[in-house]
1. Using Cα atoms only, what is the angle between the long axis of helix 81-100 and the major principal axis of the chain, expressed in degrees (0 to 90) to the nearest 10?
2. Compute a Gaussian network model of the chain, connecting alpha carbons closer than 10 Å, and tell me which residue from 14, 71, 37 fluctuates the most.
3. If I take R0 = 35 Å and measure r between the Cβ atoms of residue 48 and residue 101 in this structure, what FRET efficiency does the formula 1/(1 + (r/R0)^6) give, to the nearest 0.05?
4. Taking the Cα-to-Cβ direction at residue 66 and at residue 8 and moving 7 Å from each Cα, how far apart do the two end points lie in nm?
5. What net charge do the residues around residue 46 carry, taking every other residue with its C-beta under 13 Å from that of residue 46, with Lys and Arg at +1 and Asp and Glu at -1?
6. Hey, what number do you get for the chain at 222 nm if only DSSP H runs of n ≥ 4 count, each worth -39500 (n - 2.57), divided across all residues, to the nearest 500?
7. Identify which of the listed values of Kirkwood radius over Cα pairs in Å was calculated from the structure shown: (1) 17.4; (2) 14.4; (3) 13.9.
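Coordinate-derived values only; no laboratory data. On a predicted model such as this, the values are computed, not experimentally measured, just so you know. For neighbour counting, all protein chains shown are included, and Cβ atoms are generated from backbone atoms with ideal geometry for every residue, glycine included.
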Amino acid sequence: MRGVTIVFALILAVIIVYCGYVVVNAVGRTSTRRSRVGATWQVRHYAERGDTVVAVALTTPRGDVVDEHVVQRIPDADPDWQQRFLLAKQEAEERAFHLNSPS
């Protein structure tokens with residue numbers, strides 16, 4: 001009888017741990033979805049270690065960046081910096097347009 005009680009207690013403990021795992025996993029997925037609600041892809045550029053980075057960023061209405069895709073890194077000393085920057089921004093704008101389009 002004591003052996004049956006121990007086995008029952010172990011099975012109950014496993015079920016409780018599994019239910020906890022399922023709840024934590026579901027809450028994590030919900031918060032990830034909630035952070036992307038209303039987010040749009042926007043063109044972004046910034047300086048980083050002597051380069052200008054042009055990217056498209058998935059940005060929430062509060063301004064938080066959820067995801068980012070770098071289009072191009074342009075060295076600040078590049079003699080064709082302006083031309084490369086304008087082309088990279090144009091490409092980023094096209095990507096943002098397509099990423100924001102409903103599928």
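1. Tilt of helix 81-100: around 40 degrees.
2. In this elastic network of the chain, the residue with the biggest mean-square fluctuation among 14, 71, 37 is 14.
3. On the way: r = 29 Å, r/R0 = 0.82.
E between residue 48 and residue 101, to the nearest 0.05, is 0.75.
4. Placing both labels 7 Å beyond Cα along the Cβ direction yields 4.8 nm.
5. 0
6. Taking each H run of at least 4 residues, the total per residue is -19000 deg cm²/dmol.
7. Checked against the structure: label (1).
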